[in-house]
Amino acid sequence: MKRFHFSLRPVAIMRAHRELCAREALAAAILACRRTEERLAATRGRLADLETIIRNSRRGSFRPADGAAFGQAFRREWTAEIDAQKQVAAARAVLEKRREACVEANRHLQVISRLEEKARAVHRQETQRIEQAEIDEMAGRRASRRRIASP
């Protein structure tokens, strides 16, 4: 009985490697997206704190220098929030690309896996057919010996 040999095994190995790389890239993109979302949340928290400070400072007497400083700080934090939103949007776009690449790599790997399964099934059937032919041949020889031996 000959061993099973899948001629596309090198292709399967390469596609499995590509899928693994795509999964790792997806994991890195998920981590980067999560980090950018955390930075956005931190920026929004700082902006909310600054708004509270500005609101509380308006209860007392008005100081123009403090008002100007708060205005500049607010603009900086607001700009930082907009930048963080842009980074989150970019990270999500990268995440979506990585997800699509991972799905595509998995699809390519599944094609090869199905081909291998079909090839194994054909090999198994061929092997069973050969074994059955050998068994039939041995049974035929025994039967012919019995006929010759019992005249």
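Tell me, yes or no, whether region 16-28 has at least one residue that is surrounded by 13 or more Cβ atoms within 10 Å (Cβ to Cβ), more than 30 Å from residue 81 (Cβ to Cβ), in contact (Cβ under 8 Å) with a residue 60 or more places away in the chain and among the aliphatic types (A, V, I, L, M). For region 16-28, residues surrounded by 13 or more Cβ atoms within 10 Å (Cβ to Cβ), more than 30 Å from residue 81 (Cβ to Cβ), in contact (Cβ under 8 Å) with a residue 60 or more places away in the chain and among the aliphatic types (A, V, I, L, M): present.
Checked against the criterion of being assigned to a helix (DSSP H, G or I) and in contact with an Asp or Glu (Cβ under 7 Å, 6 or more places away or on another chain), region 1-20 has at least one qualifying residue.
Among the residues making up region 26-64, those that are of a type in the set (D, E, K, R) and touching a helix residue (DSSP H, G or I) at 6+ places or on another chain (Cβ under 7 Å) are 37, 39, 44, 46. The numbered conditions (1) touching a Phe, Trp or Tyr at 6+ places or on another chain (Cβ under 9 Å); (2) modelled with pLDDT of 90 or more; (3) of a type in the set (Gly, Ala, Ser) are all true for residue 57 except (2). Has region 22-39 got any residue that is among the charged types (D, E, K, R) and either in contact with a His (Cβ under 8 Å, 6 or more places away or on another chain) or modelled with pLDDT under 95 (or both)? No; the residues of region 22-39 include none that is among the charged types (D, E, K, R) and either in contact with a His (Cβ under 8 Å, 6 or more places away or on another chain) or modelled with pLDDT under 95 (or both).
Exactly one residue out of 93, 84, 42, 25 is in a helix (DSSP H, G or I), among the small types (Gly, Ala, Ser) and closer than 30 Å to residue 8 by Cβ: that is 25. Inside region 95-142, residues that are hydrophobic (A, V, I, L, M, F, W, C) and surrounded by 15 or more Cβ atoms within 10 Å (Cβ to Cβ) make up a count of 8.
The values are calculated or read from the model by the stated rules, or taken from the named source; none is laboratory data. Since the model is a prediction, treat every value here as computed from it, not as a measurement. With ideal geometry, Cβ positions are generated from the backbone for all residues, glycine too; neighbour counts draw on all protein chains shown.
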